[in-house]
Amino acid sequence: MVKHLWIATLTGACLAVTGWAAPPAKDATYVPPRTADGQPDIQGIWNNATITPLERPAELAGKVTFTPAEAAAYEKRFADSNNRDRRGKDGASDVAGAYNQAWFDRGSKVVPTLRTSLIVDPPDGRIPYTAEGQKRLAAAAEHARLHPADGPEDLALADRCILWATAGPPMLPGPYNSNYQIFQAPGYVAISIEMIHDVRIIPLDQRPHLPGSVRQWLGDSRGHWEGNTLVVVTTNFTGTSRFRGATDNMRLIERFTRTDANTLTYDFTVEDPAVFSKPWSASIPMSKSAGPIYEYACHEGNYAVPGILGGARKQEAANQVGK
């Protein structure tokens, strides 16, 4: 596993498991504060860490939510099986070079709704792939197997410090550094992403999207308010980010709603008829955090990539000698 060099917060890294407590009841009449220009105020630092998976695991098929007891048992199993300090103990694998537990901050809880997946639609909690979408995934996996390091373009975007799933969009929980700081100014919302410190700048002035010939790693976002909800539509993705196998024609709709003083509900819907048989949606609660966010300096592109490519060339040379 490639090592990151960064300055990071190490909160909650030991995945301590505590007894389940019911989430506080949401006030249906909650009205968020307003910014100076009258917009709902969603500013601040928000954290989306959770151990609830995006898709419902096969062993939980048909089970939409946990009971409190089941949630506590799942959290304990997750903590035990993912504790990196157990490497080589009790039959656990010993992965040379992997991080120890101190670096991880996945959170230790499932989402407060006790859902078994972040995906809320389709009801089965699974991504609805078309046959063509499944072929695309299989082809990408086969290419990665046959060409793991022919050149830098064969390496994952995260290994090259270009893009992480935490930035998305959509913005998904990661193994650590799952913080986001939202800023608002007249006509704009900006989201500073802790992991690799990307910043999304979202205009609110109803300007058109960029021409289709212009593609960006984070896509091209345009926002507007629907009541107390910020709705962001993003298009113009690149063909190399391929979120869950999507093409560069993916269309993403995100909704940010402050549902109480300490919760920002983040909902998103993904559309791409070439890959998905129908749009699918997920919901992630984000919790208010005191911060601060420290700089995350990703250096795989500076150090690890030359080592990976150099090692691949050495292995190729050794294979030729052995023939």
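The values are calculated or read from the model by the stated rules, or taken from the named source; none is laboratory data. Remember, predicted model here, so these are calculated numbers, not experimental data. Methodologically, a virtual Cβ is constructed for each residue, glycine included, from the backbone with ideal geometry; neighbour enumeration extends over all protein chains shown. Just the protein is used for accessible areas: all its heavy atoms, side chains included, with ligands, DNA and RNA removed. Shrake-Rupley method; radii C 1.70, N 1.55, O 1.52, S 1.80 Å.
Here residue 226 qualifies as closer than 25 Å to residue 111 by Cβ, among the charged types (D, E, K, R) and loosely packed, with under 14 Cβ neighbours inside 10 Å.
Does any residue of the range 220-238 turn out to be over 18 Å from residue 44 (Cα atoms), part of a helix (DSSP H, G or I) and not charged (D, E, K, R)? Within the range 220-238 (the criterion being over 18 Å from residue 44 (Cα atoms), part of a helix (DSSP H, G or I) and not charged (D, E, K, R)), the answer is no, since none of the residues qualifies. The one condition from (1) at pLDDT below 95; (2) open to solvent by 30 Å² or more (accessible area, probe 1.4 Å); (3) of a type in the set (Gly, Ala, Ser) that residue 13 does not meet is (2). Go through the range 155-174 and count every residue that is over 20 Å from residue 304 (Cα atoms) and either more than 11 Å from the chain's Cα centre (by Cα) or of a type in the set (Gly, Ala, Ser) (or both). Qualifying residue count for the region: 3. Looking across the range 281-323, the residues that are touching a Leu at 6+ places or on another chain (Cβ under 8 Å), more than 20 Å from residue 158 (Cα to Cα) and aliphatic (A, V, I, L, M) come down to 282, 284, 286. Inside the range 182-211, residues that are at pLDDT below 95, open to solvent by less than 50 Å² (accessible area, probe 1.4 Å) and either of a type outside the set (A, V, I, L, M) or part of a loop (DSSP other than H, G, I, E, B) (or both) make up a count of 2.
Among residues of the range 150-162 that are at positive phi, those with a beta-carbon under 8 Å from a residue that is surrounded by 16 or more Cβ atoms within 10 Å (Cβ to Cβ) at least six positions away or on a different chain give the pairs 161/196; 161/298; 161/300.
Taking the range 272-297 as the range and being crowded, with 17+ Cβ neighbours inside 10 Å and among the charged types (D, E, K, R) as the test, only 272 passes.
Across the range 36-51, the qualifying residues are those that are small (Gly, Ala, Ser) and at negative phi, and the one among them that is surrounded by the fewest Cβ atoms within 10 Å (Cβ to Cβ) is 36.
Taking only the range 37-74 into account, find how many residues are under 28 Å from residue 229 (Cα atoms), touching a residue at least 60 places away in the same chain (Cβ under 8 Å), of a type in the set (A, V, I, L, M) and out of contact with any Pro (no Cβ under 8 Å at 6 or more places or on another chain). Matching residues across the range 37-74 total 1.
The set of residues in the range 124-161 that are exposed (fewer than 15 other Cβ atoms within 10 Å of the Cβ), farther than 14 Å from residue 241 by Cα and not charged (D, E, K, R) comprises 131, 134, 138, 139, 141, 143, 144, 146, 147, 148, 151, 152. Evaluated against (1) under 17 Å from the mean Cα position of the chain (by Cα); (2) open to solvent by less than 10 Å² (accessible area, probe 1.4 Å); (3) not charged (D, E, K, R), residue 269 falls short on exactly one condition, (2).
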